[in-house]
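Worksheet for the structure shown next.
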Amino acid sequence: MSTVTKFIKSIEAQYLSSNSYHSNIHGADVLQSVHVLLTVGGLGGRLSAVQRMSLLVAAAAHDVGASMLFVSALCVYLHMRLTESTISAAHPGLSNNFLVATGDEEALLRNDTSVLEHMHAYRLFKTFREPGCNLYKNVSSGVYKAQRRIMIQVILRTDLAQHFEVGPACLASCRGQDAHHVGLLY
């Protein structure tokens, strides 16, 4: 099996299948939407190959790994001990605000800032360390660092708290303004 196939299978497996929205279908939909913006929307012509690849990988993985975090926070909220039975029974529909308000460990770790998005980015980079999943094994450290910086930035920008800032910047970029000048990419 190729590295790309192993990576995609690992990312897909990290989406919570019992969640009707944050599922592998959602991840694939976002990936396809970004692909359309890059090709049909013309955004790809204004970005480098490194930026395009970073956007596609980040799109595929932008909501991975949420299930255990949601379960943990729900258990805290319900004053329950995290056990096998609570893992299978939990409803994974919690927000960053909920995690912060309940004092979740992940919120503490992330200093109450883009809690879920930091976790999603972490899971993406942890996936690269799985056997056969490192898309960057033959890439220079400079290219990897540039892509890592962009992927982290893109995933952090999926925080709902940033949508009013990012939405207009995306529109401006699609209208032909440079993505760097409108604040989409550093």
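Distance between the 7 Å Cα→Cβ label points at SER23 and THR5: 2.5 nm. Among VAL139, VAL154, VAL4, the ranking by other beta carbons within 10 Å of each residue's beta carbon, starting with the fewest, stands as VAL4, VAL139, VAL154.
Where a number appears in this text, it was derived from the coordinates with a stated rule and is not lab data. Since the structure is predicted, the reported quantities are computational estimates derived from the model, not experimental observations. With ideal geometry, Cβ positions are generated from the backbone for all residues, glycine too; neighbour counts draw on all protein chains shown.
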